[in-house]
1. Just read off the accessible area of E193 with the full protein assembly in place, 1.4 Å probe, to the nearest 10 Å².
2. Principal axis lengths of region 103-229 from Cα atoms, whole Å, largest first?
3. I want to check the label-to-label distance for H76 and A145. Put each point 7 Å from Cα in the C-beta direction and report it in nm to one decimal.
4. How big is the Kirkwood radius of region 61-126, worked out from every pair of different alpha carbons and given in Å to one decimal?
5. With every protein chain present, what accessible area does H93 have (1.4 Å probe, heavy atoms only), rounded to the nearest 10 Å²?
6. Taking the Cα centre of region 54-168 as origin, work out the dipole magnitude from +1 charges on Lys and Arg Cβ and -1 charges on Asp and Glu Cβ, in debye rounded to 20.
7. Give, in nm to one decimal, the length gained when the segment between K63 and S197 is fully stretched (0.36 nm per residue of separation minus the Cα-Cα distance).
8. Below 8 Å between Cα atoms, with a sequence gap of 6+, how large is the relative contact order for region 34-119 in percent?
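The values are calculated or read from the model by the stated rules, or taken from the named source; none is laboratory data. Treat the numbers as computed from the prediction; the structure is a model and nothing was measured. Methodologically, a virtual Cβ is constructed for each residue, glycine included, from the backbone with ideal geometry; neighbour enumeration extends over all protein chains shown. Each accessible area value is taken on the protein alone, full model and side chains, heavy atoms only, with ligands, DNA and RNA left out. Shrake-Rupley method; radii C 1.70, N 1.55, O 1.52, S 1.80 Å.
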Amino acid sequence: MAPADDHPPPLMDRLRVASRSAHRSSRVSALAATAAVATAPGAYRHAVVGFATIYAELEATIKAGRMTVPRLGALHCPQLYRAAALMDDVTFHWGGDPAAAAAALAAPPSPAVAAYVDYLRSLRSAVPPVGLIGVATAMHLAPAAGGSTLARILKRSLRLGGGDGGDDRGTPGLTVFAYPGVDVPTVRAAYKERINSLRLSDAEVAAVVAARTRVFALNDAVFVEVAVAAARRGLAATARAAAAVAVVGGGVWWAREVLLGSLGVVLGMA
């Protein structure tokens, strides 16, 4: 009988493995929603408002939480924070009008965004609030790793110009994907090292894993909401009907699959 392993895999490795399926599903949803906005660019600006609201809540929670729970200090990484960049994108997509952007951000959130914010607040009130580790590691590492793909598709879909030296992530209106002056690989590596150094009980690890998986489902819901809104705004009647039937008959998962199949053609993805 082999001896027990006294050295479990690093926490980031465990999180990646445990949430692999959920992450893959969320990536598909993101691409489907991105394809959808090609036919209704106005839907994208509402998505930006939604994620600006989500990131603002997450990052405010991290900043406040680290003052009372020292372990949450591992999550504090201003170089990876996205709320400020998203606020800039909101202003851009509201015609550069700060007042219009502020009004959009102050409006009641969509159902999916409201559910997301409620979940973040529930994690804040947990004792201890270690679930935030699962959320933050997903929300702050993913854009830095794979944002260039979405930026490239969105630049084409939204017909945006500009960019720095051919890097689509520097395109005005897509600054959420840009990290000017930041050595992203080094920052990501240091961030992961801090997370791996945390001392968590088995129960706390389970809570982190659960939150990490849940966050991808919450992202799914926002992406599907964006795709359905785009379908209502600009797709042909057939695609609109397919999306509506999918939502009513099969829920979020089936809506995502139908939208990917019908909308992927727009950008040559199917």
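1. Taking all protein chains as shown, E193 has close to 130 Å².
2. 49, 37, 23
3. Between H76 and A145, the simple spin-label model gives 2.5 nm.
4. 13.9
5. 30
6. On the way: 10 positive and 9 negative charges, 64 e Å.
Roughly 300 debye, rounded to the nearest 20.
7. Numbers: separation 134, 0.36 × 134 = 48.24 nm, distance 1.95 nm.
Answer, rounded to one decimal: 46.3 nm.
8. Numbers: 56 pairs, mean separation 31.6, N = 86.
RCO, region 34-119: 37 percent.
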